[in-house]
Every structure is written in structure tokens, then in C-alpha cells.
1. Take the range 166-179 and flag every residue that is touching a strand residue (DSSP E or B) at 6+ places or on another chain (Cβ under 6 Å) and open to solvent by less than 10 Å² (accessible area, probe 1.4 Å).
2. Of all residues in the range 146-171, which are of a type in the set (S, T, N, Q), part of a loop (DSSP other than H, G, I, E, B) and touching a residue at least 40 places away in the same chain (Cβ under 8 Å)?
3. Select from the range 57-104 the residues that are hydrophobic (A, V, I, L, M, F, W, C) and without any contact (Cβ under 8 Å) to a residue 60 or more places away in the chain and list them in ascending order.
4. Given the condition assigned to a strand (DSSP E or B), more than 30 Å from Phe212 (Cα to Cα) and of a type outside the set (Val, Ile, Thr), answer yes or no: does some residue in the range 84-104 qualify?
5. Just name the residue that is most open to solvent (accessible area, probe 1.4 Å) out of those in the range 187-199 that are touching a helix residue (DSSP H, G or I) at 6+ places or on another chain (Cβ under 7 Å) and more than 13 Å from Leu235 (Cα to Cα).
6. Looking only at the range 268-302, which residues are touching a residue at least 12 places away in the same chain (Cβ under 8 Å), closer than 24 Å to Gly37 by Cβ and among the basic types (Lys, Arg)?
7. Return the residues of the range 224-279 that are under 16 Å from Phe103 (Cβ atoms), open to solvent by 10 Å² or more (accessible area, probe 1.4 Å) and in contact with a Phe, Trp or Tyr (Cβ under 6 Å, 6 or more places away or on another chain); say none if nothing qualifies.
8. When Ala339 is evaluated against the numbered criteria (1) of a type outside the set (Phe, Trp, Tyr); (2) out of contact with any Ser or Thr (no Cβ under 9 Å at 6 or more places or on another chain); (3) open to solvent by less than 30 Å² (accessible area, probe 1.4 Å), which criterion, by number, is the only one it fails?
Amino acid sequence: MNPLLSRLQPYPFEKLRALTAGVRPNPAYAPISLGIGEPRHPTPDLIKQALVDHLDGLAHYPATAGSAELRQACAAWASRRYGAALDAATQVLPVNGSREALFALAQVVLDPAREQATVVSPNPFYQIYEGAALLAGAHCHFAPVDAARNFAVNWDAVPEQVWQRTQLLYVCSPGNPTGAVMPLEEWERLFALSDRHGFVIASDECYSEIWFGDAAPLGGLEAAVQLGRTDFRRLVMFTSLSKRSNVPGLRSGFVAGDAHILKAFLQYRTYHGSAMGPAVQAASIAAWNDEVHVQANRRLYRDKFARVLPILQPVLDVRQPDAGFYLWAKTPNDDVEFAIGLLQNYNCTVLPGSLLAREQDGHNPGSRRIRLALVAEIDACVEAAERIAAYARSL
């Protein structure tokens, strides 16, 4: 067996299942889960119809690069959303959801033979970043979030000697689990570091289409355009239809950016067998070409936050995030103890923040925080918030 597999930690949900294995939830309450960030709004009919209408495509092997029509739909969306003029043939590549692509890119761009090959990741973070680094033979260095800046990542906490050996940087904006969005000045700083040290920036933007104000979150491609980096050098953006269009089971997204990196990524994916099925491609084209269902989806999330926050804020330290569908709430006691007690007394599942982070300098930046995924229907989210508030008061 690959010895690097032994370096992987259990996924946060596996840890939570182990921690709660002996817990008997209060049977007086129906179960509600805010633990997993799986969108539960209905899939738009136009996407389902496009899938059905193109089932004949199952009779053909798809190309790893995807159809020209799909790549053009992705490029057109990026142009409308970010003002990025992409060459659909060389700067866009369809992927089977952002998760597998975020993992696979590390296997392409990392050279474990270089001394102390390093990947920098936010902390807390999406666990794929760490797993991708470890299985590529690299070391993962974590940059902690700063609670004083609404949980923006403190890139200044990364020592210069770490940047010097960094080959890949994972950025998540809007962030999971905190919802923080990186402003232009942070992008400028990271681009300058990339230019100085030669590392690739992988920008995970799968929550980009859920926001609360008038302005959409700034994306990596958009930041590059504003800073005159129209070749998108050493930048790869990852996006997905899962959250935007409520199709997590479709496993569809795309990456875009540096043509040189994407050429190598395509070669890797061709050998890896990562082609998207023709029917999924057709459904994806329909999704990327329509914004009406995305606007409706955004309104649903805005309504949920507007209903839930007034219930939670009198008893917990919690603020509306910049974007995304998570709340990152502070607990009055240990986050794992809070999650177990909430499940036992109120049959409500949340994810302890410490399971989403790694200890640094004797401190876990996710400790005494819980992640609440407001993905259920609004009534269930409100009921869950009321139970969480009642439990917090009992403490």
C-alpha cells in the first residue's frame, strides 16, 4: 500500500460520527442536521430536462477536455461574472466537481523531490487541501484565520522561509467554514509572493454565487484582471455548479486560468480518466447559461440568514458572513462538548470547528466554534436555530 495513506486524518464527519457513536438523541425532537454542507434546494427543471434530453450521449466516450460548447459556456460565464477574457480552448477545463480537481491539481504541480516541498493552506480549511498535499509527498503549512477581521486569513503569519519553499497555495474565498471574502489588496499581496517564489495559487471559489449585499464576491480571475495579470500566470480558479445550481450529485464544475498549467492538468486528467459524461455536459451548459435560478437560490439563502441570525445572536457570538451558506458561531464551552450536548438534548447536528482545523502554536483556530450549514428548508433552519439557542441558554 502507498505509505503516504497513513498520513491522512479521518474526515471531519467521520470524527464526528466516532465522537457521537454512543449518544442517544432526545426522541422528543425530530432530527435536524446542519452538519454537512450539502445543498438541499430543488434542482432547477431546466438542468434536469437538459440531462434527460441528452441521454443518447451515454453511447459515446467523452473527451477529457469536454466539448467546445461546454468550454465556451464556462468561458462566457467567467466573462460575465468576472470580466475575464478566457481562451475557451486553452484556459478552461471542465472537471467532475471542484473537490476532485482541487486534489488532482496538487498531483500535477508539486515536485516532492524538491527539498521540503510545501503547500500553504488556510486554517480552518477544507480537508481536501491537506490530503492532496500529503498524497503528493509534500508538507502542509497552515495560515490561521483572524477573528478580529471577520475570520480573514492572516497570510502575514506565514514565515518568509515557508513561502520560499512553497509550491502550491490553496485559497478559499468565500471561505469554508468562515465565509470570509478576500479583498483586492490581499490578492495583490499573494500575487506578489507567487511572483517572488514561483508557487501556484489554487483559488477555490465554489461558494462564490451565494452572497448577501449588492456586490458579488471578488474572485481570483477578477482580481488578476484588475491588477493587469490577464495571462493569469500561476493562477487556477476552481468553481462548481453544486452550490450555485443545487446539483451536488451532478459532479460538475470547471477550472480556469494559466494555460501552461491547464495543459499539464489536461494531460494528467487524460491518463486519470477524468472525462465528464455527455449528458452531464449538456446539463452543465444549461446551468452556466442561466442566472435566473441562481438569483432565486440566493434569495432563499438570504431569507434563511435573516430568520436565523436574530434567534442566535442574543445567545451566541455569531455574525453574518461575507458570503456562503455557513455560520461560524462561538460556543460558551468546548465545541465538541457543545455539539454532543446539542445532539443528545435537542437532536440537532452541527460540526465542531476544531474538527475543521489543525493545532498551531498550542491553539486550534477552530476551537470553541461550530459550523452551521443553512442548507435545509427555512422552517427546519429556524427550528434548529431555536433549539441551539435554547441549549446555549441552558449552559
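1. At the first step, the residues of the range 166-179 found to be touching a strand residue (DSSP E or B) at 6+ places or on another chain (Cβ under 6 Å) are 166, 168-172, 174, 177-179.
Residues satisfying the conditions are Thr166, Leu168, Leu169, Tyr170, Val171, Pro174, Pro177, Gly179.
2. Asn150
3. Narrowing the range 57-104 to residues hydrophobic (A, V, I, L, M, F, W, C): 58-59, 63, 65, 68, 70, 73-78, 84-86, 88-89, 92-93, 95, 101-104.
Within the range 57-104, Ala59, Ala68, Ala88, Ala89, Phe103 meet the criteria.
4. Here is the first cut: in the range 84-104, the residues assigned to a strand (DSSP E or B) are 92-95.
Checking the rest, the ones that are also more than 30 Å from Phe212 (Cα to Cα) come to none.
The answer is no, given that none of the residues of the range 84-104 is assigned to a strand (DSSP E or B), more than 30 Å from Phe212 (Cα to Cα) and of a type outside the set (Val, Ile, Thr).
5. Arg189
6. Matches in the range 268-302: Arg298, Arg302.
7. Scanning the range 224-279 gives no hits.
8. (2)
The values are calculated or read from the model by the stated rules, or taken from the named source; none is laboratory data. As the structure is a computational prediction, the values presented were derived from the model and not from experiment. Counting neighbours? That spans all protein chains shown, and the Cβs are built from the backbone with ideal geometry, glycine included. For accessibility, only protein heavy atoms count, side chains too; no ligands or nucleic acids. Shrake-Rupley method; radii C 1.70, N 1.55, O 1.52, S 1.80 Å.
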